[in-house]
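Q: Mind looking over this structure? Questions follow.
Taken together, the values in this text are just the output of simple stated rules run on the coordinates, not laboratory data. Computed from a prediction, not measured in an experiment: that's the story for all the values here. We place every Cβ from the backbone using ideal geometry, glycine too, and count neighbours over all the protein chains shown.
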Amino acid sequence: MNANRRDVLKTGGGVTLLTLLAAAGWLQPGDALAAGWNKAAFDTRTMDETMKALGGSAPAQSKDITFVATPEIAENGAVVPITVSSAIAKTEAIAILVEKNPNMLAAMFELPAGTEPSIGTRVKMSQTSNVYALVKADGRYYVAAKEIKVTLGGCGG
Amino acid sequence: MAEPTKIRANVAGDSTEVKVLMNHEMETGQRKDAQGKTIPAWFIQTVTATHNGKTVLSAQCGPAVSKNPFLAFKFKGGAKGDKVQISWVDNKGDKRTDEATVA
């Protein structure tokens with residue numbers, strides 16, 4: 001019995017099983033595992049692609065979205081504090097996008113009723129770039145941009 | 001495995017202000033190690049915040065969120081002694097849930 005099992009392992013049965021699992025889509029190293037994570041949206045490189053992945057139309061420019069406590073110049077691109085506030089009624093979601101990062105979308109926040117439309121976080125920026133705050137309110141999308149200058153990039157390491 | 005999330009929740013007027021600091025590498029998958037090999041991406045993908053069991057924020061993060069992600073948000077209501085819970089899941093399937101009491 002034991003010897004048999006060892007034979008199977010030796011002849012590479014384990015490898016075959018792994019390959020099969022991979023082929024069947026059970027094992028996808030590095031792929032999205034968390035439920036509810038929109039992989040398509042995080043893979044995009046342009047605003048148009050992102051909007052398509054989110055299932056929205058081109059966003060309207062809005063002056064009701066403001067960057068609070070967000071620097072003009074970030075010394076360290078690895079840690080850029082960004083706070084986005086929306087004064088648009090029925091704000092449902094806020095997303096932060098960095099134009100010149102390898103993938104634009106940095107983070108997306110869904111706000112249930114009762115949560116204030118203001119979110120603070122920290123993102124990485126590879127270089128000086130426009131940062132977009134995308135707001136979904138009442139099913140429509142709005143956007144505001146701010147340029148943040150980066151002295152030291154946060155992506156190349 | 002992962003270290004605890006630091007959560008601070010304070011009543012501010014008629015809402016509760018929550019500040020969260022999660023402990024995570026947030027590796028982008030873009031960096032290379034000394035041998036020139038790409039360091040695989042490793043980052044938090046989803047974060048859920050609940051107040052007494054009701055979801056008050058759900059976030060999706062990409063690798064562009066900084067190492068040891070920080071989050072600040074406010075929700076209406078909340079009283080001293082209420083529970084605020086933060087859970088996250090990363091792209092390797094690791095999870096962590098931490099709880100704090102509103103002060």
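Q: Would you mind pulling out the separation of the Cα centroids of the stretch A:34-63 and the stretch A:119-147, in Å?
A: Computed from Cα coordinates, the inter-centre distance equals 11 Å.
Q: For A:Asp43 and B:Ala79, what does the FRET efficiency come to when R0 = 35 Å and r is the distance between their Cβ atoms, rounded to the nearest 0.05?
A: My answer for the efficiency is 0.25.
Q: For a quick check: with amide H placed at 1.01 Å from N, whose amide H comes under 5 Å from A:Val150's, ignoring anything fewer than 5 positions away on the same chain?
A: The list, which skips near neighbours in sequence, is A:Ala74, A:Thr128, A:Ser129.
Q: Also, quick follow-up: Return the sequence-ordered ³J(HN,Hα) values of the stretch A:37-46 in whole Hz as given by the Karplus equation 6.51 cos²θ - 1.76 cosθ + 1.60 applied to θ = phi - 60°, using x for Gly and Pro.
A: Each residue's phi maps through the Karplus curve to give 9, 7, 4, 4, 5, 7, 8, 7, 10, 10 Hz.
Q: Which residue, B:Asp90, B:Asp33, B:Asp82, has the most motion in a Gaussian network model of chain B that connects Cα atoms within less than 10 Å?
A: It is B:Asp33.
Q: Let me ask something else about it. Taking a threshold of 29 Å on the Cα-Cα distance, which of the pairs A:Lys124/B:Lys6; A:Lys100/B:Lys92; A:Lys124/B:Lys74; A:Lys63/B:Lys76; A:Lys149/B:Lys83 fall above it?
A: Check vs 29 Å cut-off fails for A:Lys149/B:Lys83.
Q: Order these by the 10 Å Cβ neighbour count, fewest first: B:Ser66, A:Ser86.
A: Neighbour counts put them in this order, fewest first: B:Ser66, A:Ser86.
Q: Which whole-Hz ³J(HN,Hα) couplings does the stretch A:115-123 yield from phi under the Karplus relation 6.51 cos²θ - 1.76 cosθ + 1.60, θ = phi - 60°, glycine and proline marked x?
A: Ordered by residue, 3J(HN,Hα) equals 9, 5, x, 8, 9, x, 7, 10, 10 Hz.
Q: Next question, about the same structure. Rank B:Lys37, B:Lys92, B:Lys80 by mean-square fluctuation in a GNM of chain B with C-alpha springs under 10 angstrom and give only the top-ranked residue.
A: B:Lys37
Q: Set the Förster distance to 25 Å, then compute FRET efficiency between A:Thr128 and B:Arg31 from the Cβ-Cβ distance, nearest 0.05.
A: Efficiency for this residue pair is about 0.80.
Q: Cut-off 10 angstrom, C-alpha nodes, Gaussian network model of chain B. Which of B:Gly62, B:Gly36, B:Gly13 fluctuates the most?
A: For chain B, modelled as a Gaussian network with Cα springs under 10 Å, the answer is B:Gly36.
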